[in-house]
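This is the structure I want to talk about, given as structure tokens.
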Amino acid sequence: MLYQAIVFLPLIGAIVAGILSIRQQHMPAEIITVIGVCASFLLSCFAFYDVALMHNSITLEIARWINSGDFIANWTLRFDTLTVVMLIVVTSVSSCVHIYSIGYMHHDKSRARFMAYLSLFTFAMLMLVTADNLLQLFFGWEGVGVASYLLIGFWYHKPSAHKAAMKAFIVNRVGDFGFALGIFVIFYLFGSIQFDQIFANASELTNISISFLEIDMPALEVASILLFIGAMGKSAQLGLHTWLPDAMEGPTPVSALIHAATMVTAGVFLVCRMSPVIEYAPLALNLITVVGGLTAIFAATIGMTQFDIKRVIAYSTCSQLGYMFFAAGVSAYPAAMFHLTTHAFFKALLFLGAGSVIHALSDEQDLRNMGGIWHKIPITYGFMWIGSLALAGFPFFAGYYSKDMILEAAWASNSFTGQMAFWFGCAAALLTAFYSWRLLILAFHGKPRCSSEVYDHVHESPPVMIFPLIPLALGAIFTGWFGYQMFVGYDMKYFWGDSLFILPEHHAMEEAHHVAEWVKRLPVILASIGFGSAIFAYLIIPSFPKILVSFLKPIHTLFFNKWFFDELYDVLFVRSCVLFGNFLWLRGDQRTIDAFGPNGLSGLVLKSSSRLSKLQTGYVYHYAFAMMIGVVILLSWYFSGIGR
């Protein structure tokens with residue numbers, strides 16, 4: 001029951017909070033959901049000790065689910081090292097977000113419903129990471145999508161929030177279609193969707209091909225690429241990333257939950273979970289590396305031009321996910337999971353810290369309307385420094401250990417795609433440090449740019465919002481040091497056991513510990529340059545950015561408008577779909593189906609009945625005349641011989 005409780009306590013909290021929200025009983029809903037998630041975290045700590053440290057992996061069958069012919073999918077919970085690491089990450093961040101939400105959403109009239117959504121989101125993510133087969137994982141995958149739709153569009157009275165929720169839902173369905181096809185291919189190849197059977201037989205299918213449109217393709221390559229397409233949507237990789245920044249329309253706790261430890265990391269988890277299959281698909285690995293490297297630098301270029309404080313942090317999430325993916329692409333799955341873990345803490349810290357800034361400035365999110373407030377909210381200011389140092393990868397903070405390990409593994413892979421990802425990652429490290437300190441300087445330093453009325457009311461957030469930042473700050477400082485040897489050090493094979501699989505010829509993780517000294521030092525040097533550049537441009541000579549923007553106007557316009565992806569998709573997909581939909585609606589539905597179907601038949605009946613009704617005049621002589629005509633017709637018909 002202990003392991004089952006980890007997954008189902010948040011679900012119970014969500015159901016109870018949902019019932020309480022009907023009667024607007026907010027405080028009981030907050031208490032129940034917080035207790036449920038925090039209890040799940042404490043039990044996850046025990047599971048981490050028992051499974052990851054003591055190596056007592058366990059699989060629990062909850063119920064029989066689907067049994068149709070050769071297809072069997074039972075409701076089973078899988079607890080191995082990969083699972084319990086995700087449990088710690090998800091439940092710890094979710095617990096902090098739940099507690100923080102009590103203060104942040106204090107004035108909202110629907111906060112009980114909000115807490116129910118948060119717990120539902122957490123349950124779906126826990127179901128995803130404990131899945132023992134692909135169908136159960138897909139159930140959690142879609143559950144996270146539905147919950148994120150509800151949370152992003154929580155303030156549904158705002159058109160922008162409603163559009164953002166729809167955008168996130170639709171873009172993710174594109175990736176999910178690829179994921180579903182990948183599951184179909186896996187079942188076609190293996191005759192099962194249960195992980196143990198798939199992993200045990202993957203090496204035997206390396207030479208098997210499948211034919212599509214008379215083209216023979218390696219079967220495992222096709223399956224791996226389709227699964228990666230699903231991961232691209234959920235983890236906002238280049239091409240399917242456009243939903244992520246718009247998700248900032250939801251309340252700030254939602255941003256922390258989606259961007260830190262849950263939804264966006266599901267794609268990384270999927271790739272790592274399916275490593276025994278993807279390892280035999282070199283083309284898929286190269287594709288993952290290229291997409292991850294391009295995403296890292298692409299998102300960083302956008303992040304350094306944005307002014308919405310939450311969007312800057314959102315693009316940093318997109319960039320950091322790129323690091324995780326190109327680590328997986330060079331078979332450095334432990335490094336990818338290590339960065340996923342450290343990133344969860346410092347990114348949640350940054351988002352909740354940004355929420356504290358927004359709260360202090362009366363819901364202001366534009367960096368151009370901030371400044372000069374560091375001495376008024378010193379606690380939040382200190383936490384934002386810790387999160388930014390960890391994000392930029394400065395020595396002895398969590399991001400330093402995990403990000404540098406990814407770059408070292410990419411270099412050590414000795415492949416063209418790995419080297420490319422290394423240089424893209426180094427460039428992204430420079431830009432990450434730049435926009436992190438750009439955010440700090442614009443938000444906290446310089447002259448106040450908000451109104452005097454707002455400035456006079458700037459104050460530190462209440463304890464219920466500050467307290468959750470403390471464990472996140474500790475995680476941002478110490479998780480890199482604490483987890484290095486277990487996750488990516490010399491103990492990693494013992495720690496991960498069979499939950500991650502790397503072919504012997506893929507040696508990036510081992511060689512990463514022996515790269516040249518300049519490879520290890522370069523990211524720190526570049527981060528220092530980015531830090532110095534931000535201080536020079538925004539603190540020493542504040543007019544310099546405007547001069548540079550005017551000089552590099554086309555490039556700045558490209559970055560500021562997010563490489564025009566939204567406009568391009570609007571032309572290619574949105575408008576064409578709207579035109580096609582209008583055509584089907586007007587020509588197909590109204591003028592064809594309705595005109596000749598329901599509307600046509602009902603119109604014919606109406607016209608016929610209206611004409612026949614004219615015969616009912618109410619005059620007896622009309623009816624007698626009609627009877628005489630009828631008699632004449634009958635007699636004529638009879639005597640003419642037709643009726644004989």
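The values are calculated or read from the model by the stated rules, or taken from the named source; none is laboratory data. Quick caveat: nothing in here was measured; it's all calculated off a predicted structure. Virtual Cβ from ideal backbone geometry, glycine too; neighbours counted across all protein chains shown. The accessibility values were calculated without ligands, DNA or RNA, using every heavy atom of the protein model including side chains. Shrake-Rupley method; radii C 1.70, N 1.55, O 1.52, S 1.80 Å.
Per the helix-only calculation at 222 nm, which mean residue ellipticity applies to the chain, given -39500 (n - 2.57) for every DSSP H run of n ≥ 4 and division by its residues, nearest 500 deg cm²/dmol?
The helix contribution divided over the chain gives -22000 deg cm²/dmol.
How compact is the stretch 497-559 by the rule of thumb for globular proteins, expressed as Cα Rg over 2.2 N^0.38 Å? Write down the numbers at each step before the final one.
Values: Rg = 20.4 Å, N = 63, 2.2 N^0.38 = 10.6 Å.
It is 1.92.
By how many degrees, between 0 and 90 and to the nearest 10, does the Cα long axis of helix 398-412 differ from the longest principal axis of the chain?
Around 90 degrees separate the two axes.
Here's a follow-up. Non-local amide H neighbours of Ile62 (under 5 Å, H modeled in plane, Pro and chain starts lacking H): which ones?
HN-HN under 5 Å from Ile62: Trp75, Thr76, Leu77.
Taking Cα atoms of the stretch 262-325, Rg/Rh with Kirkwood Rh, to two decimals?
1.07
Taking 45 Å as R0, compute the FRET efficiency from the Cβ-Cβ separation of Lys109 and Arg64 and round it to 0.05.
It comes out at approximately 0.55.
A follow-up question, please. Rounded to a whole number, what % of the accessible area of the stretch 502-597 do carbon and sulfur atoms account for, probe 1.4 Å?
72
Provide Trp481, Trp75 ordered by accessible surface of protein heavy atoms (probe 1.4 Å), highest first.
Reading off the accessible areas and sorting them downward yields Trp481, Trp75.
Name the long-range amide H neighbours of Ala131: under 5 Å, sequence gap of 5 or more, or other chain; modelled H, no Pro or chain starts.
Residues meeting the amide H criterion: Arg78.
Take the eigenvalues of the Cα gyration tensor for the stretch 571-631, scale each by 5, and report the square roots as semi-axes in whole Å, largest first. Working shown, then result.
On the way: eigenvalues 502, 15, 5 Å².
Semi-axis lengths for the stretch 571-631 are 50, 9, 5 Å.
For the chain, what's the relative contact order in percent, using C-alpha pairs closer than 8 Å and at least 6 residues apart? Walk me through the intermediate numbers first.
Working: 1073 pairs, mean separation 77.9, N = 644.
So the answer I get is 12 percent.
Enter the accessible area per residue of the stretch 75-171 (Å², integer; probe 1.4 Å; all protein chains in place).
In whole numbers, the stretch 75-171 has 28 Å² accessible per residue.
Percent of accessible area on the stretch 128-196 owned by carbon and sulfur, 1.4 Å probe? Can you show the working numbers first?
Working: 2000 of 2630 Å².
Accessible surface attributable to carbon and sulfur in the stretch 128-196 totals 76 percent.
So if I average 1/r over every pair of distinct C-alpha atoms in the stretch 308-371 and take the inverse, what Kirkwood radius in Å does that give? Let's see the in-between values first.
Numbers: mean 1/r = 0.0771 Å⁻¹.
Roughly 13.0 Å, rounded to one decimal.
Another one. Nearest 10 degrees is fine. How inclined is helix 517-535 to the longest principal axis of the chain, computing both from alpha carbons?
Tilt of helix 517-535: around 70 degrees.
Using a probe radius of 1.4 Å on heavy atoms only, what accessible surface per residue do you get for the stretch 341-382? Whole Å² is fine.
Ligands and nucleic acids excluded, the result is 27 Å² per residue.
Now, a different point. Quick one: Debye curve from the alpha-carbon atoms of the stretch 186-309 only, equal weights, vacuum; give me log10 I(q)/I(0) at q = 0.13, 0.14 Å⁻¹ to two decimals.
-0.63, -0.70
Further question on the same structure: Could you check how many percent of all C-alpha pairs in the stretch 469-590 are farther apart than 21 Å?
Considering the stretch 469-590, 73 percent of its Cα-Cα pairs are separated by more than 21 Å.
Determine the distance separating the Cα centre of the stretch 129-179 from the Cα centre of the stretch 1-27; give it in Å without decimals.
Cα centroid to Cα centroid, the span is 20 Å.
How long are the semi-axes of the equivalent ellipsoid of the stretch 15-137, taking √(5λ) for every eigenvalue λ of the Cα gyration tensor, in whole Å from largest down?
Value: 31, 19, 10 Å, ordered largest first.
How large is the Kirkwood hydrodynamic radius of the stretch 400-473, in angstrom, based on all distinct alpha carbon pairs?
The Cα-based Kirkwood calculation yields 16.1 Å.
A further question on this structure: With the crude spin-label approximation of a point 7 Å out along Cα→Cβ, what separation in nm comes out for Asp196 versus Leu606?
Using points 7 Å along Cα→Cβ, the separation is 6.6 nm.
Still on this model: Over the Cα atoms of the stretch 524-576, Rg to Rh with Kirkwood Rh, two decimal places?
1.21
For helix 26-47, report the angle its Cα long axis makes with the longest principal axis of the Cα atoms of the chain; keep it between 0 and 90° and round to the nearest 10°.
60
A further question on this structure: On average, how much area does the Cα convex hull of the stretch 371-439 cover when viewed from any direction, in nm²?
4.9
If you don't mind, there's one more thing I want to ask. Modelled label-to-label distance, Cys577 and Ile12, 7 Å Cα→beta-carbon offset: nm?
Taking the simple label geometry, Cys577 and Ile12 are separated by 4.0 nm.
For the stretch 407-498, what relative contact order do you get, as a whole percent, if you take Cα pairs closer than 8 Å and at least 6 residues apart? Please list the in-between numbers first.
Numbers: 20 pairs, mean separation 9.8, N = 92.
Relative contact order of the stretch 407-498: 11 percent.
To continue, here is another question. Using bins 10 angstrom wide from zero, how does P(r) for the stretch 372-506 break down, in % of all Cα pairs?
Computed distribution, short to long bins: 11, 29, 30, 17, 10, 4, 0.
Over the alpha-carbon set of the stretch 474-519, work out the extent along each principal axis and list the three values in angstrom, largest first.
The Cα atoms of the stretch 474-519 stretch 37, 32, 13 Å along the principal axes, largest first.
Give, in whole angstrom and from largest to smallest, the semi-axes √(5λ) of the equivalent ellipsoid of the chain, with λ running over the eigenvalues of the Cα gyration tensor. Please list the in-between numbers first.
Details: eigenvalues 561, 221, 140 Å².
Working from the Cα gyration tensor, I get semi-axes of 53, 33, 26 Å.
So what's the convex hull volume per residue for the Cα atoms of the stretch 105-162, in Å³? Write out the running numbers ahead of the final one.
On the way: hull volume 4.0 nm³, N = 58.
That works out to 69 Å³ per residue.
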